[in-house]
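The values are calculated or read from the model by the stated rules, or taken from the named source; none is laboratory data. These numbers were taken from a predicted model, which means no experiment stands behind them. Heads up, the Cβs are rebuilt from the backbone with ideal geometry, glycines too, and the neighbour counts pull from every protein chain shown. We work out accessible area using only protein heavy atoms, side chains counted, and drop any ligands, DNA or RNA first. Shrake-Rupley method; radii C 1.70, N 1.55, O 1.52, S 1.80 Å.
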Amino acid sequence: MSFYSELKRRNVFRVVAAYLIFGWLLAQVLALAAEAFEAPDWVMKMIITVLVLGFFPTAVFTWAFELTPDGLRRDVDVKHGQPVVAETGQKLNAITIAAAVCVGALILWQQLSGPPGQPAMLPSSPPVTQATDGTNSVVQASATLTETATQEFGDTTEKSIAVLPFANMTNMPENLPFTIGIHDDLLTSLSKIRALKVISRTSVLQYRDTMKPIGQIAQELGVNTILEGGVQRYGNQIRINVQLIDAATDDHLWAEKYDRELTAANIFEIQSEITTKIASILEARLTPAEAAGLMHAPTINLDANQAYTAGRQRMLKRTDASLQAALELFRRAAQLDPKYALAYVGQADAIMLLNEYGDMPAGRSATEGEAMVRRALELDPMLAEAHTTLAYYQTKRRNFTAAEEGFKRSLELNPNYATTYHWYGLLLRNYLGRPDAAVKMHRLAARLDPYSPIIQVNLAHSLSANAQFVEALAQYHFTADLDPEFPGVAPGIVQASRDLGRLDEVIIWLNKAIELNPGNVSERLFLSLSYLDLGDPMRARKELDRAIAMAPDHDILGLGRNMLDIYEGNFDDVLARHESGEASYGRNAWVKDSYGWVCMVTGDYQTAIDIEYELNPGDEPKTITVAPHTLKGAVNLAWSLKQTGNNEKAQELIDQALAMSKDMGMLGYRGLTFHLAYLHAVNGDVDASAEAFKKAVDAGVRSDWWTIQYLPYMQPVLEHPVFQSAYQLVIDDINAQRARLEKPEKQAPVG
C-alpha cells in the first residue's frame, strides 16, 4: 500500500482538516474573549503559537493510534478490514462538515451583520408631500433623489480617506471623551492636506460601532481608503493602534502601534506621524506650509482639548440649549488654556449661532463673537477655522468683499473644512445673488460632510433659491430622513411650502419647528408674519406677544411690530416707534427695511432713499448693486428717485432690474415673489405689471399679497381686469386655506 493510501486509511487527512477548522473557530472565540477582558497582545500570540505547535503532534498521534469502541488502540493492533475503521472516518467527516458550516456562518455574520437599529446611510427615496386638500403635491421628490445623492457625495477619488471613530479599547466610559478627542484632532490634522479629500467628523461618527464591511462604508462616503484605530489609556501611558485599508481590495496598506507616555505633546506628535505617513502612502504631496502646520500642537492641555471636542459635538444640534452648553464648554477650554485659539473660535461660532437659533440679540452677538474670533487670529493667524468664522461675521455686517476674501483665505489654509464651503455658500446665495454658485458650494460641503443635517438643509435652500424647486423639496425630505429631529428641516419645508403658496402648511411646519426648538425667537416671529399672510391678525399678534415675552430685547421683533401696524394701516405708529428708538432699528436690517418701506408709502422719499443706499450699498457711494436679494430695495428706490425728480438714475435701476429678471423670473431673496409685477408698475407698464402679477399668482405666490393695496406705484394696476381676477383668486385661496387650518382634525405632520 502506498504512503498516500496509508495516510488516507489512518484518517490523517480528516483529522488534520478537523484540527484546522476547530483551531480557527477556537482562535476567533478566544480573540473575542481577549478583547472583552482587555488582555494584552501577547496572550493572543501565545494562543496562536500553541495551536500551530499542536498541529504536528496531532498528525503524528493520528498516524499511530485509532479510535475504536474499546478506546484508543495502536494502529498496528487494529485489523485493516475492520468496520470500525470506516465508521471512524464517517464520524470524522460528519464532525468536519458541521464545523465547516459553523465557520461559514460566522464569516457570513461578520460580513453582513450590523448593530441593532443601525440606520441606513441615506434614504432611498423621500416621501411625496401631500397637499392639505388631499391631492398629491405638484412636487414629486423621488425622481431627483438619485441625482442629488450622486452630486452630493461625488465620485471616489484616488486620494481620499475617511477616519472611522476610534475604538475605546479600555471600555471605560470616562475614557470615551479622550478617545473622541484624539480622533477629532487627527481628522483636523489630515484635513489640512490639500491633496487629500477627508470626510468630516459629523459623517464618520455615524459609523461608530458599525459592523458594516469596509467596502460598503467607503462607497457610502465616497472614498478609496479607510483608517481604523483604537486608543488604550492605562495609567500615564497611551497606546494608539491604526491601520490603513484599501477599500477596493480590503488589503491593509499600513498598520502601526504607538506606545508613548500620556502627554499632550506626545499625542500631537503621534498624530503628526500618522498624518505624514498616510500622505506618503497615498502619494499626497505636502506643501512646506502643510508640513510645518502638522508640527503645530493647538494646545498642550488634554482637559482643554476634551472640553473643546465636547463643545463641537454639542454645537451640531442647532438648538438654543445645545448651543448654550457648547458655549460653556468652549469657555472652559479657554480657561484651561488661554492660548488655545480653537477654543475662542468655538465661542465665536456658538455666540453667532445663538443669535440665529436662540434669543441672543444681534448687537450683542456681533460684539462678543467678533472679539472672540479676533483673539483666535492673534494667537494663530494661520488658523483656517478662525478665518471662516470672521468671514461669516463680516457677512453679517454686510462687508461682503471682506467676507469673500476671508472664505477664500480659509480654503487656502484648509481645503477640507466643510464649514467654509457651507458658510461661503450662504454669502453667495443670500447676499451676492449667485444661487447657482451657492448650490455648487453646498454640494462641495455635503461631499466632505454628507451626514451633516445643517449642510444638507442649506443645500436644499440653495436649490430653492436657484429655482430648482423639485430638487429642493426632495432635499428637505432627504435631510428629514437623516435626522427627523433636526430643527432646521421644518423651516426648510416651510420655505418650500411658501413657494408653492400653501400657507396653511407653512403654519403647520412652523409649529413643528418651534416644537423642536422652543427657544428660537425668529421662528415664532415668522409664525406671526405667516398668520398675517393668512389674513389672521389676531393670531399674528398672539404669536408676536409670545415672542416678545420670551425675549423682549431681541432686535428682530421690531419687524413683527412694524408689519402688524402696516397690516392695519397704522403707519404713524411705525414712524413714532422708529423716532423713539424703541425697536432698535439701527441693529437689524429687516426692521430698518420695513421702516424705509413705510417712509416710501407715506411720501418721505428722501429718507426711503437713504435707507436703501445704507442697506444695499454698491461699489460707489449712492449706488446699489441690483441682485435677487436687493430687488425689492431696487424697485422701491427707483420709485422714490422718480418722485424726487431723479428720473435718469431711476430708469438706470429699472433697466438693470429688467435685464436681470430675464434670467431670474419671479425669484427674489426668499423664493417666488411679486417683485416683477412691482418693477413693471414702477416702469409705468400697467399691462405688463398685471400679467406678471397673474403669472406669480398662478405659480403659487401668496406672501405679502396684502401689502399691494398700500403701494403707490401699484395703484394704477389695481383696476386692471387681469389683476382683479388674479387678486380675487388669491383672496379665495387664502380663505380656503384658513378654513382648512381651522379644522379640528388638522394634525401637524411628523418628520
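The criterion of at least 3 residues that are free of Cβ contacts under 8 Å to residues at least 12 places away in the same chain and surrounded by 23 or more Cβ atoms within 10 Å (Cβ to Cβ) is met by none of the helices (runs of 4 or more DSSP H) falling completely within the range 612-711. Against the test of being part of a strand (DSSP E or B) and of a type in the set (Asp, Glu), the options GLU220, GLU228 yield a single qualifying residue, GLU228. If you check ASN266, ASN305, ASN224 for being in contact with an Asp or Glu (Cβ under 8 Å, 6 or more places away or on another chain) and open to solvent by 20 Å² or more (accessible area, probe 1.4 Å), only one passes: ASN224.
Picking from residues in the range 171-190 that are touching a Lys or Arg at 6+ places or on another chain (Cβ under 7 Å) and over 24 Å from ASP251 (Cα atoms), the one that is surrounded by the fewest Cβ atoms within 10 Å (Cβ to Cβ) is ASN175. Could you identify the single residue in MET563, MET538, MET550 that is out of contact with any Cys (no Cβ under 6 Å at 6 or more places or on another chain), over 30 Å from ASP436 (Cβ atoms) and crowded, with 21+ Cβ neighbours inside 10 Å? From the options MET563, MET538, MET550, the qualifying one is MET563. Under the condition of being within 26 Å of HIS629 (Cα to Cα), under 14 Å from the mean Cα position of the chain (by Cα) and open to solvent by 10 Å² or more (accessible area, probe 1.4 Å), the residues counted in the range 443-476 number 6.
Each row is one residue, and each column tells you yes or no for (1) open to solvent by less than 20 Å² (accessible area, probe 1.4 Å); (2) farther than 30 Å from GLY558 by Cα; (3) without any contact (Cβ under 8 Å) to a residue 12 or more places away in the chain.
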| position | (1), (2), (3) |
| --- | --- |
| LEU327 | yes, no, no |
| ARG332 | no, yes, no |
| ALA341 | yes, yes, no |
| ILE351 | yes, no, no |
| GLU356 | no, no, no |
| ASP359 | no, no, no |
| SER365 | yes, no, no |
| ALA376 | yes, yes, no |
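Note on the range 287-331: among residues that are over 30 Å from MET550 (Cβ atoms), assigned to a loop (DSSP other than H, G, I, E, B) and of a type in the set (A, V, I, L, M, F, W, C), the one that is nearest to the chain's Cα centre (by Cα) is ALA297. GLY603 passes every criterion in (1) at negative phi; (2) surrounded by fewer than 20 Cβ atoms within 10 Å (Cβ to Cβ) apart from (1). For the range 633-654, the criterion of being modelled with pLDDT under 85 and either touching a Ser or Thr at 6+ places or on another chain (Cβ under 8 Å) or more than 18 Å from LEU711 (Cβ to Cβ) (or both) is satisfied by no residue at all. The set of residues from the range 408-420 being touching a residue at least 40 places away in the same chain (Cβ under 8 Å), open to solvent by 20 Å² or more (accessible area, probe 1.4 Å) and within 19 Å of the chain's Cα centre (by Cα) comprises just one member, TYR417. Taking the range 386-407 as the range and being among the charged types (D, E, K, R) and either buried (at least 24 other Cβ atoms within 10 Å of the Cβ) or modelled with pLDDT under 95 (or both) as the test, the residues that pass are LYS396, ARG397, ARG398. A single entry from GLN232, GLN237 fulfils the requirement of being surrounded by fewer than 15 Cβ atoms within 10 Å (Cβ to Cβ), at pLDDT below 90 and touching a strand residue (DSSP E or B) at 6+ places or on another chain (Cβ under 8 Å): GLN237. Which one of these does THR249 not meet: (1) open to solvent by less than 10 Å² (accessible area, probe 1.4 Å); (2) of a type in the set (Val, Ile, Thr); (3) free of Cβ contacts under 8 Å to residues at least 12 places away in the same chain? Exception for THR249: condition (1).
Among the residues here, GLU485 qualifies as farther than 28 Å from THR367 by Cβ, surrounded by fewer than 20 Cβ atoms within 10 Å (Cβ to Cβ) and not aliphatic (A, V, I, L, M). When ILE193 is tested against (1) at pLDDT below 90; (2) open to solvent by 10 Å² or more (accessible area, probe 1.4 Å), only condition (2) is not met. Suppose the filter is buried (at least 20 other Cβ atoms within 10 Å of the Cβ), in contact with a Pro (Cβ under 7 Å, 6 or more places away or on another chain) and of a type outside the set (Val, Ile, Thr); does ALA513 pass it? In short, yes. Might you let me know whether the range 569-584 holds any residue that is open to solvent by less than 60 Å² (accessible area, probe 1.4 Å), of a type outside the set (Gly, Ala, Ser) and touching a residue at least 60 places away in the same chain (Cβ under 8 Å)? No, the range 569-584 contains no residue that is open to solvent by less than 60 Å² (accessible area, probe 1.4 Å), of a type outside the set (Gly, Ala, Ser) and touching a residue at least 60 places away in the same chain (Cβ under 8 Å). Checked against (1) modelled with pLDDT of 85 or more; (2) under 28 Å from the mean Cα position of the chain (by Cα), ILE566 meets all criteria but (2). In the set GLN206, GLN216, only one residue is at pLDDT 90 or above and open to solvent by 30 Å² or more (accessible area, probe 1.4 Å); that residue is GLN216.
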